[in-house]
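The values are calculated or read from the model by the stated rules, or taken from the named source; none is laboratory data. Since the structure is predicted, the reported quantities are computational estimates derived from the model, not experimental observations. When we count neighbours, we look across all protein chains shown, and the Cβ atoms used for this are built from the backbone with ideal geometry, even at glycine.
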Amino acid sequence: MAEIKVGEEDKKNLKTGCGCLTVLLLLFGIAVFTCQDDTPWQERDSSVAAYVHLKYYVKEQLKSPGTAKFADAWSGGYTVQDIGDQKYRIVSWVDAQNSFGALIRMYFYGKVQQTAEDEWEVLEFEWRPD
């Protein structure tokens, strides 16, 4: 069996690596602890979740849901307005294929309400002219 020799430089590198790992784990623990939100769902701003929920609803209305491409935060193609009582008014668009296979942009309006921690209801929905 071969003997492995560990030099002083290797020991120093091992200590440095362990120190860095300890610091990273500590920072990760702090990040996880501080990101926990104990605010009741009725008091949270759920604008992003409202938009995501309405996108699922819109996909169900499409002829070819697999082709759907929605407006994202970077395109500025949607607005979500908090209108109180966990209700949100959303205006946006989706690009999707119609029944002829042509890719078209369709605008829509919707109003959704969060009714429980992970439950949403679509209160209003309509396709809008551009």
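Conditions (1) at pLDDT below 95; (2) surrounded by 18 or more Cβ atoms within 10 Å (Cβ to Cβ); (3) touching a strand residue (DSSP E or B) at 6+ places or on another chain (Cβ under 6 Å), marked per residue:
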position	(1), (2), (3)
Tyr57	no, no, yes
Ala73	yes, no, no
Ile104	no, no, no
Gly110	no, yes, yes
Asp118	yes, no, no
Residue, farthest from the chain's Cα centre (by Cα), within the range 82-130, restricted to residues that are more than 24 Å from Thr67 (Cβ to Cβ) and either of a type in the set (S, T, N, Q) or assigned to a loop (DSSP other than H, G, I, E, B) (or both): Asp85
Could you please give the count of residues in the range 64-81 that are over 19 Å from Asp45 (Cα atoms) and part of a strand (DSSP E or B)? 2
